[in-house]
Amino acid sequence: MLPPSRRDFVSLTLSESGSYTNSKQWRRQSCWRKWKQLSRLQRSLILFTLMLLLVCGIATSPTLIGHWRGEIRGPPVLQNRLPTKTNVSGLLGVENQGLDLKNENKGSEGGKPIIRFDQMFPVFLFLSAESRLEAVREAFRHAWKGYKNFAWGHDELKPISNSYGEWFGLGLTLIDALDTMWILGLNEEFAEAREWVARELSFNKNVDVNLFESTIRILGGLLSTYHLTGDSMFLEKAKDIGSRLMPAFNTASKIPYSDVNIGKGTAHPPQWTSDSTVAEVTSIQLEFRELSRLTGDPKYKLAVMEVMKQVHKLDGKQDGLVPMFINTHNGLFTHQGIYTLGARADSYYEYLLKQWIQGGKTENVLLDDYLLAVEGVKKNLLKKSTPSDLTFVGELSHGHFSPKMDHLVCFLPGTLALGAHYGLPADHMELAKQLMETCYQMYAQMETGLSPEIAHFNMHEGSTQDVDVKIADRHNLLRPETVESLFYMYRFTEDKKYQQWGWEILQNFNKYTRVPTGGYTSINNVRDPANPNPRDKMESFFLGETLKYFYLLFSNDPNLISLDKYIFNTEAHPLPIWPQAE
């Protein structure tokens, strides 16, 4: 949807000259009389047509448009039409481009990236919603091309070396991407992926899998695809993997082990510890609860809800904030005194709210724990940066505050907005807006326009830059959390700036992480546009989450995966919200 049109005027000045003949003067006067004889509507239509021709002339001039866009390569698509695969490449500025594997700084000027938000903003205004959606489809097709050609049936694509990596040996990227393809309307790609799942996917393997990762990516992906398609084959596969994960809960404490051998039916903690992370054991509930609802077997729900009951009553919390680790032998928190909304704790808070929503807003213990935790964040972890007063979420370690914020924390604006949508306090939405600005700035203040994995915020007087990034934290893994929150914020506010921010981020993914032979790669250095230093790995969540949230963000259809009917698991797989009677 385009913004409201402005009333523009064209001023034409005709200079008088003694060389004009009487004939020319007569024709000018005659034309003027005819112009005056036209109705106001006719004159307005003529002026509008002239203005439209002027705009189209500028839009089709490579020289003018190149200057206007600040030397961004690739012809922009300004027409309000569906782009083809070819002209989408031009739109994205990636035709014959992508990641420069020779480390030549083709996309920078004076050490700073050329494509910036203020340059892309005018182009965004002229793009139809369908053009933006097609841009995401094109990005998915390009990623899928690399996976299909070099990693088909394997877990992850290595796009630089044109090879693959294995984690579980279960086609992780393919399963993670199933519902994304369905939502994007990529029917051909979905059909061939479905064929592989039906014929090739087997869980009868002597392999250790991580309980959390296999639950959110594989079980969640299969359940979601079943609900979207109605294809019972996906439900049967979900039942199979779900039952094979259950040995993880065979512990004295009922806190599950982190690893399960799905072929042998055994489970164990990692070799180096008897602990599981709190996020992992409390972020599998949506999936197992739904599996019980679909199968009529309560064992799955009972197992995961026992975990929530125990975590609810444990000592060691601070104002609703939980430590990062929990022991599988005695069921107690370990490494107490450290509180973060980043890695190892993040999705605990997300799933408190989402379980309450999934269950029809009847499980008030979950809601109470969530509301208490939000107040704990405000009291203990919320600070302002210098010089721009960006609101950020830091960490607490034994009473000492650290201005460290993981990119993972950028799930929080979306979660807060979701809670406000379901009737929670209005100040949750105000905090969501502030944190959304901060998460965007974690991208905008980097030379590549891509966020680092971890940022440290300056709080000292005289600081000239809000965000500081340590050398070890400068990598970008194609993570989805900021785009996820942008999607929620746009759905609930309809403020187009969130779409514009997402559009900028998509351009920078294409500029610095897209690999010409197919796929996208994680990079090591978001502060060096000349050499972002590719990592040669495309995480499954880039297809399962990041591109899906881009698509939903750019869609203006609130019924496309309605947030009143579906709840997203932490891997962006939508599961139905239960009727309150259930």
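The values are calculated or read from the model by the stated rules, or taken from the named source; none is laboratory data. Please read all numbers here as calculations on a predicted model, not as lab measurements. Quick reminder, even Gly has a Cβ in these numbers, built from the backbone with ideal geometry, and neighbours come from all protein chains shown. Only protein heavy atoms, including side chains, enter the accessible area calculation; ligands, DNA and RNA are left aside. Shrake-Rupley method; radii C 1.70, N 1.55, O 1.52, S 1.80 Å.
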Taking the options THR295, THR266, THR251, name whichever one is in contact with a Gly (Cβ under 9 Å, 6 or more places away or on another chain), of a type in the set (Val, Ile, Thr), open to solvent by 30 Å² or more (accessible area, probe 1.4 Å) and at pLDDT 95 or above. THR295
For SER283, state whether it is under 27 Å from the mean Cα position of the chain (by Cα) and either under 14 Å from MET246 (Cβ atoms) or not basic (Lys, Arg) (or both). yes
Pairs where the first residue, in the range 219-244, is free of Cβ contacts under 8 Å to residues at least 60 places away in the same chain and over 21 Å from GLU545 (Cα atoms) and the second is among the polar types (S, T, N, Q) and open to solvent by 50 Å² or more (accessible area, probe 1.4 Å), C-beta under 6 Å, 6+ apart: none
Could you list, in sequence order, all residues of the range 430-478 that are among the polar types (S, T, N, Q) and open to solvent by less than 20 Å² (accessible area, probe 1.4 Å)? THR438, THR448, SER451, ASN476
What do you reckon, is GLU156 touching a Leu at 6+ places or on another chain (Cβ under 7 Å) and among the acidic types (Asp, Glu)? yes
Could you tell me whether ILE567 is farther than 29 Å from SER224 by Cα and open to solvent by less than 10 Å² (accessible area, probe 1.4 Å)? no
Complete set of residues in the range 454-477 that are more than 22 Å from the chain's Cα centre (by Cα) and in a helix (DSSP H, G or I): ILE471, ALA472
Here, helices (runs of 4 or more DSSP H) confined to the range 107-190 with at least 2 residues that are surrounded by 22 or more Cβ atoms within 10 Å (Cβ to Cβ) and modelled with pLDDT of 95 or more are 129-150, 172-176, 178-184
Where SER451 falls short, out of the listed (1) in contact with a helix residue (DSSP H, G or I) (Cβ under 9 Å, 6 or more places away or on another chain); (2) over 21 Å from ASN569 (Cα atoms); (3) of a type in the set (Gly, Ala, Ser); (4) part of a helix (DSSP H, G or I): (4)
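Quick grid of which residues meet (1) more than 24 Å from LEU408 (Cα to Cα); (2) buried (at least 21 other Cβ atoms within 10 Å of the Cβ):
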site	(1), (2)
ARG527	no, no
GLU539	no, yes
LYS548	no, yes
PRO558	yes, no
PRO576	yes, no
So which pairs qualify, if the first residue must be in the range 128-151 and touching a residue at least 40 places away in the same chain (Cβ under 8 Å), the second must be of a type in the set (Phe, Trp, Tyr) and part of a helix (DSSP H, G or I), the Cβ gap must be under 6 Å, and the two must be at least 6 apart or on different chains? ARG132/PHE554; LEU133/PHE554; VAL136/PHE550; VAL136/TYR551
All but one of (1) hydroxyl-bearing (Ser, Thr, Tyr); (2) crowded, with 17+ Cβ neighbours inside 10 Å; (3) more than 24 Å from GLU481 (Cα to Cα) hold for SER274; which doesn't? (2)
